[in-house]
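Encoded as structure tokens, the structure appears first; notes follow it.
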């Protein structure tokens with residue numbers, strides 16, 4: 001055998017979510033503090049492949065990226081009758097917590113991007129004690145809408161093409177063409193109505209304005225990082241959100257947009273590495289290794 | 001209007017007038033628009049162009065106004081926005097057609113169906129002057 005084999009391993013876990021079993025696909029690599037990564041709306045866990053392949057991070061973190069049901073290799077549940085998919089705050093929260101429980105993860109670090117960045121805030125409000133740290137990429141309590149989501153799923157518009165074309169401009173112009181294309185490929189592969197259904201959470205059900213003040217970063221540290229080219233969740237959106245939370249750490253990432261981990265993994269690494277270092281240092285202090 | 005903004009307007013108009021020829025040199029982009037036949041209004045807010053697109057090629061590009069000419073959709077932006085959009089690395093918020101509409105620098109009007117079905121095509125067509133704008137503007 002002379003092919004290059006990456007350290008990432010993919011498996012399926014059967015997860016009970018609200019009384020129904022889901023077959024969830026996840027990939028992982030590394031050992032140590034569990035670090036669960038949440039993909040953006042309409043995409044899947046492949047967005048995290050560069051992070052998971054990072055051998056330095058793998059020395060201290062068990063990095064896990066799972067595909068939400070209806071996304072990537074996680075199918076809809078067996079009971080699905082074709083009804084319109086719609087992600088709610090409650091369902092999203094339950095899915096994450098059930099997945100962590102199924103893998104018996106001990107106080108994982110949770111890192112989410114976009115809708116994942118939003119739900120991280122929700123986890124900080126309602127379930128902070130279950131997590132070691134929370135990292136929200138491209139996250140805010142609310143973002144002003146900039147297009148009509150009904151274009152995303154209708155028979156006279158190609159869903160894959162329109163989903164990809166809409167989000168293409170959310171990436172930084174400096175991001176490498178191959179990484180931009182790979183990021184868009186996942187959008188072109190998404191199931192009909194899935195991106196739109198995810199945005200129900202983002203646009204309708206997940207407005208956290210007036211709630212983020214309840215976050216206590218002493219219970220669980222919160223890191224918010226947003227790319228300067230993200231015009232969906234703008235740096236101003238993230239800063240406004242952080243201003244209402246005592247102790248949240250905010251970083252505006254240069255030459256990055258809405259998909260930092262996949263559109264320019266090298267540039268993203270410069271920003272996420274210090275955050276992971278801080279989490280490691282806090283862990284060392286907690287366990288008396290310092 | 002000062003002489004600097006007059007110069008920008010003139011450069012933008014000149015760049016727009018050259019888009020059809022730039023598109024002719026981009027066969028992959030034409031191929032992506034091969035199912036598109038459309039009349040649209042594109043360009044600066046105050047003096048856009050009527051564009052006639054046939055099978056992905058711009059076969060006619062005429063400065064407005066043209067008496068009683070119809071169009072299905074219009075995408076117009078301020079001259080300053082186009083000038084920034086066509087920089088090699090545009091500033092955040094000026095780097096995408098829908099970033100410009102969100103920040104109020106551009107307007108999108110009419111029947112959006114042809115625009116949405118060919119969104120990446122229009123993004124790429126309207127970015128064509130990027131490589132040449134510095135030369136055109138100088």
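The values are calculated or read from the model by the stated rules, or taken from the named source; none is laboratory data. Here the structure is a predicted model, which is why all the values come from computation and not from measurement. Neighbour counts run over all protein chains shown; Cβ positions are idealised from the backbone, glycine included.
Observations
- Residue check for residue A:170: crowded, with 23+ Cβ neighbours inside 10 Å and not in a loop (DSSP other than H, G, I, E, B): no
- Checklist (1) crowded, with 16+ Cβ neighbours inside 10 Å; (2) within 20 Å of residue A:15 (Cβ to Cβ); (3) without any contact (Cβ under 8 Å) to a residue 40 or more places away in the chain applied to residue A:80, failing item: (1)
- Taken over segment B:90-105, residues that are part of a loop (DSSP other than H, G, I, E, B), within 7 Å of another protein chain (Cβ to nearest Cβ) and either under 19 Å from residue B:16 (Cα atoms) or within 13 Å of the chain's Cα centre (by Cα) (or both) amount to 3.
- Inspection of segment A:140-162 finds a residue satisfying the criterion of being within 11 Å of chain B (Cβ to nearest Cβ), buried (at least 19 other Cβ atoms within 10 Å of the Cβ) and at pLDDT below 95.
- Test for residue A:179: is it in a helix (DSSP H, G or I), at pLDDT 95 or above and surrounded by fewer than 16 Cβ atoms within 10 Å (Cβ to Cβ): no
- Among the residues of segment B:116-125, those identified as surrounded by 20 or more Cβ atoms within 10 Å (Cβ to Cβ) and more than 7 Å from chain A (Cβ to nearest Cβ) are B:118, B:121, B:122, B:125.
- Test: residue in segment A:113-123 that is outside any helix (DSSP H, G or I), away from every other protein chain (no Cβ under 14 Å) and surrounded by fewer than 23 Cβ atoms within 10 Å (Cβ to Cβ): no
- Any hit, segment A:248-257, residues being on the phi < 0 side of the Ramachandran plot, over 17 Å from the mean Cα position of the chain (by Cα), part of a loop (DSSP other than H, G, I, E, B) and at pLDDT below 95: no
- Residues of segment A:258-267 satisfying the condition of being in a helix (DSSP H, G or I) and surrounded by 23 or more Cβ atoms within 10 Å (Cβ to Cβ): A:260, A:261, A:262, A:263
- Taking the numbered list (1) over 12 Å from the mean Cα position of the chain (by Cα); (2) modelled with pLDDT of 95 or more in turn, residue B:46 passes all entries but (2).
- Residue check for residue B:55: within 13 Å of chain A (Cβ to nearest Cβ), farther than 24 Å from residue A:237 by Cβ and touching a residue at least 12 places away in the same chain (Cβ under 8 Å): no
- Test for residue A:226: is it under 18 Å from the mean Cα position of the chain (by Cα), over 20 Å from residue A:44 (Cβ atoms) and in a helix (DSSP H, G or I): no
- Here segment B:66-83 is the region considered, the condition is being in a helix (DSSP H, G or I) and buried (at least 19 other Cβ atoms within 10 Å of the Cβ), and the residue that is farthest from the other protein chains (Cβ to nearest Cβ) is B:79.
- For residue B:108: the one exception among (1) in a helix (DSSP H, G or I); (2) surrounded by fewer than 19 Cβ atoms within 10 Å (Cβ to Cβ): (1)
- Taken over segment A:17-35, residues that are touching a residue at least 40 places away in the same chain (Cβ under 8 Å) and either touching a helix residue (DSSP H, G or I) at 6+ places or on another chain (Cβ under 6 Å) or surrounded by 14 or more Cβ atoms within 10 Å (Cβ to Cβ) (or both) amount to 10.
- Within segment A:236-250, the set of residues being touching a strand residue (DSSP E or B) at 6+ places or on another chain (Cβ under 7 Å), in contact (Cβ under 8 Å) with a residue 24 or more places away in the chain and surrounded by fewer than 18 Cβ atoms within 10 Å (Cβ to Cβ) comprises A:249, A:250.
- A Cβ distance below 9 Å, combined with a sequence gap of six or more or placement on separate chains, defines the contacts here; from segment A:101-116, residues that are modelled with pLDDT under 95 reach no residue that is buried (at least 24 other Cβ atoms within 10 Å of the Cβ).
- Within segment A:136-151, the set of residues being in contact with a helix residue (DSSP H, G or I) (Cβ under 6 Å, 6 or more places away or on another chain) and in contact (Cβ under 8 Å) with a residue 60 or more places away in the chain comprises A:136, A:137, A:138, A:139, A:140, A:141, A:143, A:146.
- Subset of segment A:187-210 that is surrounded by fewer than 23 Cβ atoms within 10 Å (Cβ to Cβ) and more than 19 Å from residue A:145 (Cβ to Cβ) - its residue that is farthest from the other protein chains (Cβ to nearest Cβ): A:191
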